[in-house]
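Read the figures in this text as sums done on the coordinates, not as results from a lab. As the structure is a computational prediction, the values presented were derived from the model and not from experiment. Heads up, the Cβs are rebuilt from the backbone with ideal geometry, glycines too, and the neighbour counts pull from every protein chain shown.
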Protein chains: 2
Amino acid sequence: MRIGVLGTGSVGSTLATRFAGLGHDVVMGSRTGGNAAAAAWAEEAGDRGTAGTFADAAAHGEVVVSATAGAHSLEALEAAGRDNLSGKVLVDVANPIADYGPPIRLDPVGDDSLAERIQRTFPEARVVKTLNTVNASVMVDPAAVPGSHDVFMAGDDGDAKATVRSLLQEMGWAAGNIRDLGGISSARGLEMYLVLWLGLAGSLGRYDLNIHVVTP
Amino acid sequence: MRIGVLGTGSVGSTLATRFAGLGHDVVMGSRTGGNAAAAAWAEEAGDRGTAGTFADAAAHGEVVVSATAGAHSLEALEAAGRDNLSGKVLVDVANPIADYGPPIRLDPVGDDSLAERIQRTFPEARVVKTLNTVNASVMVDPAAVPGSHDVFMAGDDGDAKATVRSLLQEMGWAAGNIRDLGGISSARGLEMYLVLWLGLAGSLGRYDLNIHVVTP
């Protein structure tokens, strides 16, 4: 599959590396295109990876992953270009962190979410929120945390969610651990969970953690 | 132990019944004191339970549980009386739901929490946030959900948290499943988690659910 990854930070590069390793054809996009991190990544990725601009990555991808810092997501997506996103599966893995704190501050929070903003701004993209509830190393390798634990999806387009589900399964997420919460507004809970996640990470002294939903 | 429970709804009465069943001496408080639900509860509780006003319950308790709807917590605590709360372990189990929606709306959300508001308003109370992340039936009987799953605490007073931990253990929460997230501001994450919890409940079609935190 052709995948465009927007963002060259640890989340973007970890995802891009994993997708390339799975045999996908990946373009990592950055603001300037001449980004050193993206160039180094492409060098290492070999045949399966290329560096380019946000627009290059979005034009390339059947699936486009929004993996910049959440505060810059809309700006990066504007640079990627409306036409390049139209009809695409747009995977939003970011958290809308306005201030890392402590205390951390999210924006939006409560009655809106980053994922909904993205969907409203790019109504022809098929936005799926996922993976924002775990750190990069767990995103691409759920076995990094032992036992059963879950990843979540929210989005309005069922076909887009099916595509994302399949990518998650390729990365090792078991079907029964991929929980579809419903429409894109369900992203609110996934983004607000970040505050609890950070509290857990702080109290445990580690970031490789996740939650498992348990019912009778 | 003498416990005052503020609130006669399902959370208040479920907790009050459980505390009485464990042998504690419980007063359930309501706004008017002549509340029918509280009277019926006291009738059923027998020796271990009495109905009264918010002030009666707070004056009685070594531990006072704030179990009204979150939107009314501060008002109920004002009625309970500052002097009756001074020095007490004040257990806040409520969620600050401003509008049940859908979509649900919390107030405060983001840069404040109900628990912090309570602590600021009653600086001489020793506030501990806990149990707000599960429904009433799971609060008092964690075995209602099989396997390992967790309950959280946040509060500034270590001794108060030790008292709460002991009450949680009496109700069946294993020591290793009681996770202390730190100071009272950690209540933000616990309260914002409600939105994810509701999304999970909606997608699973049940409220008897909980999460287990998993690490390597």
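Here are the numbers for the structure shown:
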| item | result |
| --- | --- |
| Contact order normalised by residue count of the stretch A:142-183, Cα under 8 Å, 6+ apart, percent | 57 percent |
| Mean separation of Cα contacts under 8 Å, 6 or more apart, over the residue count of chain B: relative contact order % | 17 percent |
| Placed amide H near A:M153: partners under 5 Å, 5+ positions off or other chain | A:R179, A:D180, A:L181 |
| Average beta-carbon neighbours from other chains, 10 Å sphere, peptide A:107-120 | 2 |
| Distance from the stretch B:12-51 to the stretch A:26-73 (C-alpha centre basis), Å | 62 Å |
| Residue among B:T130, B:T121, B:T17 with the largest mean-square fluctuation in a Gaussian network model of chain B, springs linking Cα atoms under 10 Å | B:T121 |
| Angle in degrees between helix A:36-45 and the longest Cα principal axis of chain A, rounded to the nearest 10 | 90 degrees |
| Within a Gaussian network of chain A (alpha carbon springs, distance under 10 Å), most fluctuating of A:L114, A:L198, A:L15 | A:L198 |
| Semi-axis lengths (Å, descending) of the ellipsoid that matches the C-alpha gyration tensor of the stretch B:89-216 | 22, 20, 12 |
| Cβ-vector label at 7 Å, A:A71, separations to other copies in nm | 3.4 |
| Ascending list, in nanometres, of distances separating the A:D159 label from those of the other copies (7 Å, Cα toward Cβ) | 6.5 |
| Residue among B:N95, B:N135, B:N84 with the largest mean-square fluctuation in a Gaussian network model of chain B, springs linking Cα atoms under 10 Å | B:N135 |
| Calculated [θ] (222 nm, deg cm²/dmol) that DSSP helices of n ≥ 4 give over chain A, each run adding -39,500 (n - 2.57) | -11500 deg cm²/dmol |
| Relative contact order [Cα under 8 Å, 6+ residues apart], the stretch B:94-202, whole percent | 31 percent |
| Intensity falloff of the protein assembly as shown expressed as log10 I(q)/I(0), Debye formula with alpha-carbon point scatterers, at q = 0.06, 0.09, 0.11, 0.13 Å⁻¹ | -0.28, -0.59, -0.81, -1.03 |
| Spin-label model distance (nm) - B:L204 vs A:Y100, 7 Å beyond Cα toward Cβ | 3.4 nm |
